[in-house]
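Below is one structure, written out as structure tokens, with a few remarks after it.
Quick note: the coordinates plus some simple rules give every number you see, no bench work behind them. Not measured: the values here are computed from a predicted model. Neighbour counts are summed over all protein chains in view; Cβ atoms, including those assigned to glycine, are modelled from backbone coordinates with ideal geometry.
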Amino acid sequence: LSSDEIDKMKLESPIKLIKEGLKHTQKVYKGVYEFTNLVRTGGELSKEVCNLRDILLNFLSSTSYSKQVIIDYLPTIEVNESLFCTAIDNLIRNGLKYNDSNNKMVAISMVDENTISIQDNGRGLTQEEFEIYSQAYSRKNNQKEAGSGLGLNICLAILKEHGFKVSCEKNETGTNILVRIKNI
């Protein structure tokens, strides 16, 4: 279609959505591909030095929820970019999905030089609940949100493979996921 036809039919916005959706789908596919390679016999995690803030901003740039995520300073460390972003994205989406607030938000920052915080303003999750829902196919009874019960399990497997430890705190408003990174 020519630019004039796109303008005449008011297709600029839908075309942009399709392009952004495809771009994000390709990023997710790369993460699935990397994970598949990792779990096969003899698979190893390939890592490179990345600025975590930059790679997360780039990963989120093609999502519909990027404006709901605030990312403060994050360090430059060795990670598998695709898998790391996929894991953190799962935590972000959970923070937005299990959230009854009118202004759903997730903030990512450093608690100290070794710990990343992924803080949401959702329903909140205790460490005990976090451990239960981290198990494969584990879901809350009568949950209205759709899901397979695998996202958190895979996310934690990815972060563990990086050598990171993950814990959870329920706050007055929302959940604070703490990712302790060892390699900085």
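Which entries in the list K27/K67; K47/K170; K47/K165; K19/K104; K23/K104 go over 22 Å, if you measure between the two C-alpha atoms of each? List each step's numbers first, then the result.
On the way: K27/K67 18 Å; K47/K170 32 Å; K47/K165 17 Å; K19/K104 25 Å; K23/K104 24 Å.
Those over the limit are K47/K170; K19/K104; K23/K104.
Around M110, under 11 Å between beta carbons, what's the net of Lys plus Arg minus Asp minus Glu among the other residues?
Surrounding charge for M110 is -2.
If Lys and Arg each add +1 and Asp and Glu each add -1, what is the summed charge of the other residues whose beta carbon sits under 13 Å from the beta carbon of D4? Mind dumping the intermediate values first?
Details: positive: K8, K10; negative: E5, D7, E12.
With Lys, Arg at +1 and Asp, Glu at -1, the neighbours total -1.
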